[in-house]
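The values are calculated or read from the model by the stated rules, or taken from the named source; none is laboratory data. Computed from a predicted structure; not experimentally measured. Cβ: placed from backbone, ideal geometry, glycine included. Neighbour counts: every protein chain shown. Protein only, heavy atoms only, side chains kept; ligands, DNA and RNA dropped before computing areas. Shrake-Rupley method; radii C 1.70, N 1.55, O 1.52, S 1.80 Å.
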Amino acid sequence: MNRPSGRPSSDRYRKARFREIAREIVAKDRYNRKYGISVHTAGAIANALERAYREGLRDSEHEAVPVAEQPNNGPMVWALIPPRPRDAFWTICLFTLSRGDRPAPGGRLVPATTERGTPGWMLDLQERTYEKLFGDRTIAPLLRLGLIEEASDDPTHRVVSKQGRETWSQFLQRGGQYPNDLTNL
């Protein structure tokens with residue numbers, strides 16, 4: 001079945017940008033409400049919709065460019081990782097792969113139980129254990145995306161995959177300041 005010709009194709013990168021804008025609006029609304037600052041959420045939403053509309057008009061004037069699909073085996077665009085798993089992935093990579101000229105200390109995720117009694121993962125570094133636990137629902141998307149994989153020496157442990165290392169490296173090359181570099185698609 002063919003799609004109607006007047007309907008634009010879905011763009012994962014545009015959708016990721018819009019989600020981040022929506023998260024910013026919601027976070028600002030919650031912060032302002034918490035501290036008794038005046039709230040103008042409807043205005044922020046209207047401004048975001050207006051910008052999206054203008055962007056759509058501008059894009060429709062130009063020849064439609066085919067949307068580049070995310071490769072299955074190369075580095076993943078940082079903004080396409082869901083927010084909570086992205087936070088966990090940043091922490092895991094920072095502690096296990098390092099950044100800059102520092103050597104990568106290594107490490108892995110080991111099964112643990114969260115404070116709420118649910119299945120989770122703890123970051124086990126060679127010289128110490130990272131105290132924060134990650135819930136299983138936070139790590140599962142990273143497994144599905146191929147950024148984390150089973151350790152070759154112990155299938156109950158998880159490590160950053162080759163694709164995960166490439167994604168981290170690409171993120172660092174583009175600035176590596178999270179969350180500031182998040183919207184630089």
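Tabulated data
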| read-out | value |
| --- | --- |
| For the range 165-170, 3J(HN,Hα) per residue [Karplus equation, 6.51 cos²θ - 1.76 cosθ + 1.60, θ = phi - 60°, Hz, x = Gly/Pro] | 5, 5, 5, 4, 4, 5 |
| HN-Hα J in Hz across the range 95-105 - Karplus 6.51, -1.76, 1.60, θ = phi - 60°, x for Gly and Pro | 7, 9, 9, 6, 8, x, 8, 5, x, 6, x |
| Neighbour net charge for V159 - beta-carbon separation under 13 angstrom, K R +1, D E -1 | -1 |
| Full-stretch length increase - R128, K15 - with 0.36 nm per residue and alpha-carbon distance subtracted | 36.8 nm |
| Average accessible surface area per residue within the range 86-154, 1.4 Å rolling probe, Å² | 58 |
| For the range 45-58, Karplus couplings with θ = phi - 60° (6.51, -1.76, 1.60), whole Hz, Gly/Pro x | 5, 4, 5, 5, 5, 5, 4, 5, 4, 4, 4, x, 5, 4 |
| Distant-in-sequence amide H partners of T114 (H built 1.01 Å from N, under 5 Å) | G120 |
| Nonlocal amide H pairs with I148, under 5 Å, H built at 1.01 Å | L143, S161 |
| Protection proxy ranking of 158-164, 42-48 - average other beta-carbon atoms within 10 Å, highest first | 158-164, 42-48 |
| Hypothetical label at D87: residues of the range 130-166 whose amide nitrogen lies under 17 Å (7 Å Cα-Cβ projection) | 131-142 |
